[in-house]
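Here the structure is laid out as structure tokens; the discussion comes afterwards.
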Amino acid sequence: MSHHLVEINHLQYTYPDGTSALRGVSFRITHGEAVAIIGANGAGKSTLLLQLNGCLLPQAGTVRIGDLPLNKETLSYVRRTVGMVFQDPDDQLFMPLVHDDVAFGPLNLGLPPEEVEERVVSALATVGALHLKDRPPYRLSGGEKRAVAIASVLSMSPSILVMDEPTSSLDPQTRRQLIQLLKTFNHTLIIATHDLDLVLDLCSRTIVMKEGLIVADGPTLEILQDEELLHSSGLEKPLRLQGCPVCQARSGPAG
């Protein structure tokens, strides 16, 4: 299943203002892996994700999706293969109705109307948002917008799902629902996030970035238990791996 492969070699990217966002990033992700990309703000996570579906093109180094290198000639293939959910759902929702947003991708693939409608209904049902089909996106809550943005990507049947801060602005119940949904995604999943408890729930592998470089890449539990690594990367242990301060205080030596 080579179409699920993501391979990055010596990737570099500098913004016009001189900010060096990626400074030689390399990794390989294979079919079915669920991989988290973590790091402090400014580490290069979002810039990296934007390279994976061609929103940004490499200035140096290579991005390979499946059997093909990412370039202007392969953009249409890459964007069919890699589904990107942006950090802000408003960047993704631009049509008058939710139905139209979710149908936009399949229509642009040239699919027949019957199949487009099937995909719209299936994608919205998957994220629990079928009842929103005829609502305008601007009338939705933050969690509803997030669900619809994910549906607009799922309707394309991507082999690789890429998400930037998927739990941002979600209430606890919607966050749990999203985690359960993502657990059912059977293909390659790549998530950039500050939500390290989400990482524990979903990702068996974690890549740590700092100042445009990869500083660690390994099993999630091993990475998230390395306090020195996390501290040096501007991160903290997820709450589930932190001891309860009340319990620790009670079990301490008597004064």
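Within the range 166-201, track down each residue that is crowded, with 20+ Cβ neighbours inside 10 Å, in a loop (DSSP other than H, G, I, E, B) and either in contact (Cβ under 8 Å) with a residue 60 or more places away in the chain or in contact with a Phe, Trp or Tyr (Cβ under 9 Å, 6 or more places away or on another chain) (or both). Listed by number, the residues that qualify are Pro166, Thr193. Residues that are small (Gly, Ala, Ser) and modelled with pLDDT of 90 or more do occur in the range 190-208, at least one of them.
Among the residues of the range 20-59, just one is free of Cβ contacts under 8 Å to residues at least 60 places away in the same chain and part of a strand (DSSP E or B), namely Arg28.
Helices (runs of 4 or more DSSP H) fully within the range 68-161 that include at least 3 residues being surrounded by 22 or more Cβ atoms within 10 Å (Cβ to Cβ) and touching a residue at least 40 places away in the same chain (Cβ under 8 Å): 98-108, 142-154.
The set of residues in the range 112-159 being among the basic types (Lys, Arg) and over 11 Å from Asp101 (Cβ atoms) consists of Arg119, Arg139, Arg146.
The values are calculated or read from the model by the stated rules, or taken from the named source; none is laboratory data. Worth saying up front: this structure is predicted, and the values here are computed from it rather than measured. Neighbour counts run over all protein chains shown; Cβ positions are idealised from the backbone, glycine included.
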